[in-house]
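Let me begin by presenting the structure, written as structure tokens, before commenting on it.
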Amino acid sequence: AQSVSQHNHHVILSEAASLELGCNYSYGGTVNLFWYVQYPGQHLQLLLKYFSGDPLVKGIKGFEAEFIKSKFSFNLRKPSVQWSDTAEYFCAVNAKNAGNMLTFGGGTRLMVKP
Amino acid sequence: DAGVIQSPRHEVTEMGQEVTLRCKPISGHDYLFWYRQTMMRGLELLIYFNNNVPIDDSGMPEDRFSAKMPNASFSTLKIQPSEPRDSAVYFCASSLGGSWGEQYFGPGTRLTVT
């Protein structure tokens, strides 16, 4: 079975700092990869996704993620964070033999100080 | 589209009472997922359906939990009897077959069992 690890549980940054959140998965086959964001008190929303093609994908609000197959990683980045990016971020993996089921990482809580 | 609809948004009940949470998936979606989110355990998949049929209920914590999907536009998650440790936010998500895992989440039901 696949698993997803997000090594940073809590991250605190100042506004304008650059962000990189790590995500590693364990699964030997083909995967689809997602980042979801959960703003305080809200539900999970899709931030970006990777199915195939260019391993550098761009999402909403200036976020991007890079799929590195050899490292089983899908790290999330943003060059300059804003206070409004304060949220919890979840990496998720869909294995091609798992239907539409997602395996989520444990989440990373990001706090951006104004 | 109205998105995934959940009701109630908040539920406060006493220990031992029956609780029923409701979900209406996005029209046309053939996958439906129930998740539970707590501070201690993060986001947990409880059960998911495909074409109204339960596919994997291995995440359902105990026999006190049951879920049904009588038709393509409605699902319920029932807890009977409820216990204080069931307090959590319960999310429903739906997905379209062939979308490789992309799920759309509802606003959640915050359950408090006293």
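The values are calculated or read from the model by the stated rules, or taken from the named source; none is laboratory data. Predicted, not measured: the structure shown is a model, and the values here were computed from it. Cβ sites come from the backbone with ideal geometry, for glycine too, and all protein chains shown count toward neighbours.
Can you tell me which residue within the stretch A:41-97, out of those that are under 11 Å from the mean Cα position of the chain (by Cα) and among the hydroxyl-bearing types (Ser, Thr, Tyr), is farthest from B:Gly42 (Cα to Cα)?
A:Tyr50
Is it fair to say A:Leu44 is more than 23 Å from B:Gly98 (Cα to Cα), out of contact with any helix residue (DSSP H, G or I) (no Cβ under 9 Å at 6 or more places or on another chain), buried (at least 20 other Cβ atoms within 10 Å of the Cβ) and of a type outside the set (Lys, Arg)?
Spelling it out, it is not the case that A:Leu44 is more than 23 Å from B:Gly98 (Cα to Cα), out of contact with any helix residue (DSSP H, G or I) (no Cβ under 9 Å at 6 or more places or on another chain), buried (at least 20 other Cβ atoms within 10 Å of the Cβ) and of a type outside the set (Lys, Arg).
Of the residues in the stretch B:96-114, how many are touching a residue at least 60 places away in the same chain (Cβ under 8 Å) and either assigned to a loop (DSSP other than H, G, I, E, B) or more than 8 Å from chain A (Cβ to nearest Cβ) (or both)?
Looking only at that region, the number is 11.
Within the set of pairs 6 or more residues apart or between chains, which connect a residue that is within 11 Å of chain A (Cβ to nearest Cβ) and over 16 Å from B:Arg110 (Cβ atoms) inside the stretch B:37-56 to a residue that is part of a strand (DSSP E or B) and among the polar types (S, T, N, Q) with Cβ atoms less than 7 Å apart?
Final answer for the pair search is B:Phe49/B:Ser75.
Filter the stretch A:49-102 down to residues that are assigned to a strand (DSSP E or B) and of a type in the set (Val, Ile, Thr) and give me whichever is nearest to the other protein chains (Cβ to nearest Cβ).
Per the criteria, the residue is A:Val93.
Which pairs have Cβ atoms under 7 Å, sit 6 or more apart or on different chains, and link a residue in the stretch A:82-106 that is over 10 Å from A:Trp35 (Cα atoms) and at pLDDT below 95 to one that is of a type in the set (A, V, I, L, M) and not in a strand (DSSP E or B)?
Correct list of pairs: A:Asn94/A:Met101; A:Asn94/A:Leu102.
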